[in-house]
Amino acid sequence: MRLLAKIIVWFVAISVGLTVLYRFVPPPVTVTMLIDGNGITKDWVPLSRIDRNMVAAVVAAEDGKFCSHNGFDTEAIEAAMERNAKGGRIRGGSTISQQTAKNVFLWQGEGWTRYLRKGLEVWFTFLIETLWDKRRIMEVYLNVAETGIGTYGVEAGAQRYFGKSAAQLTPTQAGRMAAALPSPKTRAVKSPAGFTRRYGNTIAARIATVKRDGYDACVYE
């Protein structure tokens, strides 16, 4: 019991300490990057150098309630559970906050390790929602998310696919990058076809609504 208590205390202390540190310092590397056999191409940029089109695109595609929830979208989680109970491909109901917690502190995981990760993900999501603001969560997410094979962050992705900075992305380009985020190793960003192209165009069309109705307002307050 003493050993368990010490482990818990150290885990809490380290996790809180890292979360506070990453509030101000870019995470240098993630587990996902370290185990990626394709190498690591990344280029951290502040949110001020990422076009608002990209922010609006990920809100439209990944988490429409980003500015109003406390890290968890209970309706999306319940809907995902209902879909998964019917069988087929497992789908998640993760928010951008949950994805950020997973990408920065944890691993992707399959099988039983996925359920272990999900438990830890709740803790780290609580921490970043408590110790960071929404702008920082978005900034970190857009810099550590996998955007292609061996490519991390939207700046590296923008340079790879469009030969330009993330500060210059058009709605169509941002929409295509956001459409590929759930499966960046298999979905084409440049010259996409089929579902990815249609989904990217749908996201691009939603960007104006996100901006107009302020679904990304908390990032720019």
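The values are calculated or read from the model by the stated rules, or taken from the named source; none is laboratory data. Small disclaimer: the values here were computed from a predicted structure and weren't measured. Here Cβ is always computed from backbone atoms with ideal geometry, including for glycine, and neighbour counts include all displayed protein chains. Quick note on the areas: whole protein, heavy atoms, side chains included, nothing else; ligands and nucleic acids left out. Shrake-Rupley method; radii C 1.70, N 1.55, O 1.52, S 1.80 Å.
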Exercise. Within the group M1, M33, M54, which residue is within 20 Å of the chain's Cα centre (by Cα) and over 30 Å from V210 (Cα atoms)?
Worked result: M33
Exercise. Looking at A56, A5, A61, which one is small (G, A, S) and farther than 22 Å from A179 by Cβ?
Worked result: A5
Problem set entry | Residue satisfying all of: in the stretch 113-145; of a type outside the set (G, A, S) and touching a Leu at 6+ places or on another chain (Cβ under 8 Å); modelled with the lowest pLDDT among these | R117
Seminar exercise, completed: Flagged pairs (Cβ under 9 angstrom, 6 or more apart or on separate chains; first in the stretch 153-178, without any contact (Cβ under 8 Å) to a residue 60 or more places away in the chain and surrounded by 24 or more Cβ atoms within 10 Å (Cβ to Cβ); second assigned to a helix (DSSP H, G or I) and hydroxyl-bearing (S, T, Y)) are R176/Y161; R176/T196; R176/Y199
Problem set entry | Lone qualifier among S48, S15 - being small (G, A, S), over 17 Å from the mean Cα position of the chain (by Cα) and closer than 18 Å to T125 by Cβ | S15
For this session: Determine if the stretch 137-149 includes at least one residue that is within 16 Å of D63 (Cβ to Cβ), part of a helix (DSSP H, G or I) and open to solvent by 20 Å² or more (accessible area, probe 1.4 Å).
Result: yes
Exercise. Any residue in the stretch 106-129 that is without any contact (Cβ under 8 Å) to a residue 12 or more places away in the chain, open to solvent by less than 50 Å² (accessible area, probe 1.4 Å), over 16 Å from D51 (Cα atoms) and not in a helix (DSSP H, G or I)?
Worked result: yes
Problem set entry | Failed condition for T74, given (1) at negative phi; (2) open to solvent by less than 50 Å² (accessible area, probe 1.4 Å); (3) without any contact (Cβ under 8 Å) to a residue 60 or more places away in the chain | (2)
For this session: Give the residue, chosen from A156, A178, that is at pLDDT 95 or above and touching a strand residue (DSSP E or B) at 6+ places or on another chain (Cβ under 8 Å).
Result: A156
For this session: Within the stretch 90-105, count every residue that is of a type in the set (A, V, I, L, M, F, W, C) and either more than 13 Å from the chain's Cα centre (by Cα) or open to solvent by 40 Å² or more (accessible area, probe 1.4 Å) (or both).
Result: 1
Problem set entry | Number of the condition not met by Y215 [criteria: (1) assigned to a helix (DSSP H, G or I); (2) aromatic (F, W, Y); (3) open to solvent by 20 Å² or more (accessible area, probe 1.4 Å)] | (1)
Problem set entry | Hits in the stretch 180-205 - residues which are in a helix (DSSP H, G or I) and surrounded by fewer than 20 Cβ atoms within 10 Å (Cβ to Cβ) | G194, F195, T196, R197, R198, Y199, N201, T202, A205
Problem set entry | Of all residues making up the stretch 17-36, the number that are in contact (Cβ under 8 Å) with a residue 40 or more places away in the chain and open to solvent by 50 Å² or more (accessible area, probe 1.4 Å) | 6
